[in-house]
Amino acid sequence: MSSTAPRTEPLYDVNELPPLKKAVPLGIQHVLAMFVGNVAPPVIVAGAIGAATGEAAFLVQVALLMAGVSTLLQALGVGPVGARLPVVQGTSFAFIAVAIPLAQNFGLSAVFGGALVAGVVQILLGTSLRWLRWLFPPLVSGVVVLVIGVSLLPAGINYAAGGVGADDFGAPVHLALAGFVMLITVVINQFTRGFSSAAAVLIGLILGYLVALPLGLVDFEPIAEASWVSLPMPLELGMTFPLTAVIGMSIVAIASSMETIGDLSAITRGGAGRDITHRELSGGVMGDGVGTAIASLFGAMPNTSFSQNVGLVALTGVISRYVVALGAGVLVLAGLLPKLGAAVATMPPAVLGGSAIIMFAMVASAGINMLASTMLTRRNQLIIALSIGLGLGLQAVPDAVAVFHEQVRLLLESGVVPAAVLAVVLNLVLPKSHPEEAGRIVAPATKTRTEPPAPEPGS
């Protein structure tokens, strides 16, 4: 379905490289936006299995390195693989619930073996999307993107309150710091022009960091403990293939691909005001799979597109894939130079939370934009209402599906998967028109309009 929404003109288009003095800071901005979310999953898994300090540090290091490699693959592309869009890849939270029991029962090697198979599943799915694209019109993709954005907001609030597990979680100092970052970001983005407007998130993070220093919220100990240079080697932590790992990781891979489809659609819609192409969609899902497979070989958990960076694209209007590729280079350096990664990791959670809330909300806004491009008939409104209601409802009350098998429960609790599946099914089975809906379409102005539009104020 073609969009009737007005086209958004990007500040820098997909294949446009801004001057390096602008492109490098814009790329670093992407790294700062995803950094904590990228290193959190391996830290959580390492803590759950009681991994030694050195092993946990290794998991963080390869997470950074593989995020950079996967992002380069998505942004620049290799043959049919890669969306060639400003897609930032990082370690997926979606796999944590499966990875922890697998690591506890079979060891980390089972996690990486299952991840390798999961990557292959995503590659096969990506090659088939040309024939499956009709299942994901803007109505369905908009639901998925909106649910992704809303689902991420609690994570942003947790960061803003000081980070889950903090002794002073919710302390006024954290909330005030997050609010300061939000205020600075909004003011700079809306009341300045050019580079400063595009780099509003980065400026907000830097100023928030400077304010956090005298408040004693920055811990420099990780920098002192990190080594200078380290090169990970393949299969350092081994790889095994128990059937439970293969099935569990593959199921989550399909769910993760649905999120990637939503993220890719949100990038083109929020950044350039257009629908995504078959080539971009297929290459993006294949890029997810290849990145995940490569990461598993080096001891990293599966990679996926990061929604917070999708929000950053929508906020800044910078849709240049080369900007993201420069950010990917910083991630690769951080993976090879642990001290650099440790320095970025000293960013206080409250500072990141202030920017994360804005970016996550922008993802939800991109979903609303996609839904606005569809004709809001009674049928479509019913699909939107039921899909979002079920997805967010199950996510808010996970105990409602506690009786199901662990893998099924994981998919239901995700919010995104039930919303996407229900939207696809309802869009297929509900009749496309109804006599009562004739002439009652609620949509943007159409070509049949006979009245001249009202003049703009001041025209």
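The values are calculated or read from the model by the stated rules, or taken from the named source; none is laboratory data. The shown structure was predicted, so the numbers you read here are calculated from the model rather than taken from an experiment. Methodologically, a virtual Cβ is constructed for each residue, glycine included, from the backbone with ideal geometry; neighbour enumeration extends over all protein chains shown. Note: areas computed on protein heavy atoms with side chains; ligands, DNA, RNA excluded. Shrake-Rupley method; radii C 1.70, N 1.55, O 1.52, S 1.80 Å.
Numbers at a glance
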{"read-out": "Selection within region 76-116 - open to solvent by 40 Å² or more (accessible area, probe 1.4 Å) and in a helix (DSSP H, G or I)", "value": "Leu76, Phe93, Ala97, Gln104, Asn105, Phe106, Leu116"}
{"read-out": "Residue within region 310-331 that is of a type in the set (S, T, N, Q), in contact with a helix residue (DSSP H, G or I) (Cβ under 9 Å, 6 or more places away or on another chain) and open to solvent by 10 Å² or more (accessible area, probe 1.4 Å) present", "value": "yes"}
{"read-out": "Matching residues in region 276-335 - criterion: being among the hydroxyl-bearing types (Ser, Thr, Tyr) and within 14 Å of the chain's Cα centre (by Cα)", "value": "Thr304, Ser305, Ser307"}
{"read-out": "So Thr240, is it touching a residue at least 60 places away in the same chain (Cβ under 8 Å) and either within 30 Å of Ile294 (Cβ to Cβ) or surrounded by 13 or more Cβ atoms within 10 Å (Cβ to Cβ) (or both)", "value": "yes"}
{"read-out": "Exclusive hit being in contact (Cβ under 8 Å) with a residue 24 or more places away in the chain and touching a Gly at 6+ places or on another chain (Cβ under 8 Å), set Gly170, Gly149", "value": "Gly149"}
{"read-out": "Any chance Gln395 is open to solvent by 50 Å² or more (accessible area, probe 1.4 Å) and touching a strand residue (DSSP E or B) at 6+ places or on another chain (Cβ under 9 Å)", "value": "no"}
{"read-out": "Every residue from region 146-166 that is in a helix (DSSP H, G or I), more than 26 Å from Ala423 (Cβ to Cβ) and either modelled with pLDDT under 80 or open to solvent by less than 30 Å² (accessible area, probe 1.4 Å) (or both)", "value": "Ala160"}
{"read-out": "Criterion (out of contact with any helix residue (DSSP H, G or I) (no Cβ under 6 Å at 6 or more places or on another chain), open to solvent by less than 20 Å² (accessible area, probe 1.4 Å), in contact (Cβ under 8 Å) with a residue 40 or more places away in the chain and assigned to a helix (DSSP H, G or I)) met by exactly one of Gly287, Gly335, Gly354, Gly283", "value": "Gly283"}
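The rows are residues; the columns are (1) part of a helix (DSSP H, G or I); (2) touching a strand residue (DSSP E or B) at 6+ places or on another chain (Cβ under 7 Å); (3) without any contact (Cβ under 8 Å) to a residue 60 or more places away in the chain; (4) open to solvent by less than 10 Å² (accessible area, probe 1.4 Å).
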| site | (1), (2), (3), (4) |
| --- | --- |
| Trp228 | no, no, no, no |
| Leu231 | no, no, no, no |
| Gly248 | yes, no, no, yes |
| Ser256 | yes, yes, no, yes |
| Thr260 | yes, yes, yes, yes |
